[in-house]
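The values are calculated or read from the model by the stated rules, or taken from the named source; none is laboratory data. These numbers come from a predicted model, not from an experiment. Note that we place each Cβ from the backbone using ideal geometry, even for glycine, and neighbour counts take in every protein chain shown.
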Amino acid sequence: MSSAIPSSAVPIPSTFSAEAYFSTQLPPPGLEAEVNGVREFLHRQNAAGRKVVLVTSGGTTVPLELNVVRFLDNFSAGTRGATSAEYFLEAGYAVIFMHRQFSLQPFSRHYSHSTNPFLDFLEIETSTSTSSSTSDFDSPSPTDSNTQLPVFEPDEEVPRICVTASKRADLLRVLTAYRAVQKAGTLHTVTFVTVNEYLWLLRAISHELAFSGRRAMYYLAAAVSDFFLPTQKMSEHKIQSGKGSLVIEMDQVPKILKPMVDEWTPEGFIVSFKLETDPKLLVPKARQALERYGHQVVIGNDLHRRKFEVVFVSRPGDSGDIKESWLRLDEEEVKDGKEIEKDIISELVQRHLAWIGVTI
Ligand code: PMT
């Protein structure tokens with residue numbers, strides 16, 4: 001690769017263990033401030049006796065240049081994470097929502113600009129003003145010309161914005177839940193873009209959450225890149241074209257579930273996701289992940305069936321045997337707009353309570 005940054009005094013390993021990764025790749029700026037925010041949030045939630053879940057969501061990027069113009073990305077809109085976060089909040093959990101910048105978020109996801117743009121269900125109605133007035137908004141600030149609203153003369157038609165009647169019930173439901181969560185202060189968001197930011201944040205937040213012991217759940221729905229380019233091997237400037245094909249050799253991202261389970265948060269209830277596109281590989285790979293990392297649940301999902309079918313892979317009870325159980329929505333449920341995350345979270349909440357040792 002052209003104009004690689006000279007490597008530092010630290011030798012670059014040929015394969016990265018988690019330890020080698022964190023000792024050679026720099027933490028993102030602002031990490032400490034993010035962790036302080038999480039710490040304060042956890043302090044409040046622990047005082048209120050709430051269970052806490054860390055939800056990771058969205059794809060991670062791998063920059064190819066230090067002054068980044070090009071990057072690789074992992075598929076994920078953030079639907080799974082954002083939807084699940086809402087159901088966790090509904091179940092009484094405090095949620096740390098660690099997501100890819102600009103991916104879907106709880107509540108606002110219902111009004112995504114691409115699938116349900118909110119401007120499409122706002123209507124303008126007009127009524128005649130009786131006295132000189134502005135339209136139905138707060139008075140504009142005299143200092144900000146952008147907020148200046150028109151002043152209407154008596155008898156002039158005044159526009160009012162309202163929500164299309166058919167959309168009101170849904171909006172009211174979402175808005176009510178959103179306001180309740182804001183009031184309770186049970187949602188804390190943290191953002192990442194690159195896989196490096198993701199890994200540093202995950203480690204730091206896991207360390208904080210470890211103090212919550214068994215009351216903490218980890219729901220790792222983010223799509224984490226398996227390959228990366230160490231900063232020491234990156235081109236400083238935009239990779240130039242004109243020299244034929246581009247060959248990049250990437251290193252493997254360390255499997256961070258292992259240190260997470262063994263060292264960072266040994267008591268946490270850890271749920272990871274396994275994404276496959278070949279249905280034949282889904283169960284074997286999910287079983288392999290559970291065997292390799294020794295955490296509590298792997299949820300397997302096939303790329304094309306993930307909205308209505310997932311498989312839970314775990315060791316139920318005290319038995320050493322790994323078992324699978326499928327969770328599916330039927331056609332009627334799909335037609336009615338039921339979200340599979342509702343059933344996933346309901347199942348996980350039961351399992352988490354059992355893990356904590358609560359009988360219901
Ligand atoms: O957001 P949507 O569009 O709704 O899509 C949701 C989803 C399909 C992305 C989500 O449901 C999902 O499957 N997320 C996990 C994707 C993924 O990273 O799969 P994987 O098979 O590459 O990794 C499996 C697990 O290993 C993950 O839990 C991950 O945390 C973990 N991992 C991954 C890479 C790495 N270096 N270390 C890890 O420990």
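In the set 14, 23, only one residue is more than 22 Å from the chain's Cα centre (by Cα), over 30 Å from residue 166 (Cα atoms) and not in a helix (DSSP H, G or I); that residue is 14. If you go through segment 1-27 and pick out every residue that is modelled with pLDDT under 60 and β-branched (Val, Ile, Thr), you end up with 1. Of the strands (runs of 3 or more DSSP E) contained entirely in segment 51-121, those carrying at least 2 residues that are away from the ligand (no atom under 14 Å from the Cβ) fall at 52-57, 94-100. Does residue 226 fit the bill of being more than 9 Å from the ligand (Cβ to nearest atom), under 19 Å from residue 24 (Cα atoms) and out of contact with any helix residue (DSSP H, G or I) (no Cβ under 7 Å at 6 or more places or on another chain)? Spelling it out, it is not the case that residue 226 is more than 9 Å from the ligand (Cβ to nearest atom), under 19 Å from residue 24 (Cα atoms) and out of contact with any helix residue (DSSP H, G or I) (no Cβ under 7 Å at 6 or more places or on another chain). Note on segment 156-226: enclosed strands (runs of 3 or more DSSP E) holding 2 or more residues that are of a type in the set (D, E, K, R) and surrounded by fewer than 16 Cβ atoms within 10 Å (Cβ to Cβ) are 157-163.
Scanning segment 279-328 for residues that are under 23 Å from the mean Cα position of the chain (by Cα) and more than 20 Å from residue 219 (Cα to Cα) yields a single hit, 304.
If you check 233, 274, 255 for being near the ligand (Cβ under 10 Å from one of its atoms) and at pLDDT below 95, only one passes: 255.
Being of a type outside the set (Val, Ile, Thr) and within 15 Å of the chain's Cα centre (by Cα) is the filter here; which residues of segment 32-72 pass it? Of everything in segment 32-72, those that are of a type outside the set (Val, Ile, Thr) and within 15 Å of the chain's Cα centre (by Cα) turn out to be 54, 57, 58, 59.
When you look at residue 266, is it assigned to a loop (DSSP other than H, G, I, E, B), under 20 Å from residue 100 (Cα atoms) and of a type outside the set (A, V, I, L, M, F, W, C), yes or no? The answer is no for residue 266.
Can you confirm whether segment 36-50 contains a residue that is in contact with a Leu (Cβ under 9 Å, 6 or more places away or on another chain) and within 16 Å of the ligand (Cβ to nearest atom)? The answer is no; no qualifying residue exists. Exactly one residue out of 283, 224 is in contact with a strand residue (DSSP E or B) (Cβ under 7 Å, 6 or more places away or on another chain), β-branched (Val, Ile, Thr) and in contact (Cβ under 8 Å) with a residue 24 or more places away in the chain, and it is 283. Filtering segment 256-263 for residues that are of a type in the set (D, E, K, R) and assigned to a loop (DSSP other than H, G, I, E, B) leaves an empty set. If only residues of segment 307-350 that are in contact with a strand residue (DSSP E or B) (Cβ under 7 Å, 6 or more places away or on another chain) and loosely packed, with under 14 Cβ neighbours inside 10 Å are counted, the one that is modelled with the lowest pLDDT is 316. The number of residues in segment 286-305 that are touching a residue at least 40 places away in the same chain (Cβ under 8 Å), closer than 17 Å to residue 81 by Cα and more than 10 Å from the ligand (Cβ to nearest atom) comes to 1.
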